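One structure below.
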Amino acid sequence: MKVFIFVCNKQYGGGMAVVAAEDMLQAFELLQNEYGGDELVYEYTDLEHCHMSQDLRACVIKPQVLESDFYTE
């Protein structure tokens, strides 16, 4: 499965989320489910701050958020 990396969209923030999914939209939806909805996800990241890793592939049974940790100041 493809691996998508979302980075923080705030000037004074950081962190990232790593998501295994078939495409970018599915990855974003999984991240929304993880954080409880659109508003919380847009607080940290968005599709413009996402890229597909060229070097990583996930060997998982179903699409999932592998890791996420964001912070803002």
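Read-outs: derived from the displayed coordinates by stated rules, not from any lab. Given the structure is predicted, the values throughout are model-derived calculations rather than measurements. Here Cβ is always computed from backbone atoms with ideal geometry, including for glycine, and neighbour counts include all displayed protein chains.
See the values below:
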quantity	calculated
Number of positions in the range 1-31 that are among the charged types (D, E, K, R) and within 9 Å of F70 (Cβ to Cβ)	1
Any chance V3 is among the β-branched types (V, I, T) and within 10 Å of the chain's Cα centre (by Cα)	yes
Check on A58, among the small types (G, A, S) and out of contact with any Cys (no Cβ under 8 Å at 6 or more places or on another chain)	yes
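Rundown of residues vs (1) at positive phi; (2) basic (K, R), yes/no style:
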residue: F4; (1), (2): no, no
residue: V7; (1), (2): no, no
residue: K10; (1), (2): no, yes
residue: G15; (1), (2): yes, no
residue: V18; (1), (2): no, no
residue: N33; (1), (2): no, no
residue: D55; (1), (2): no, no
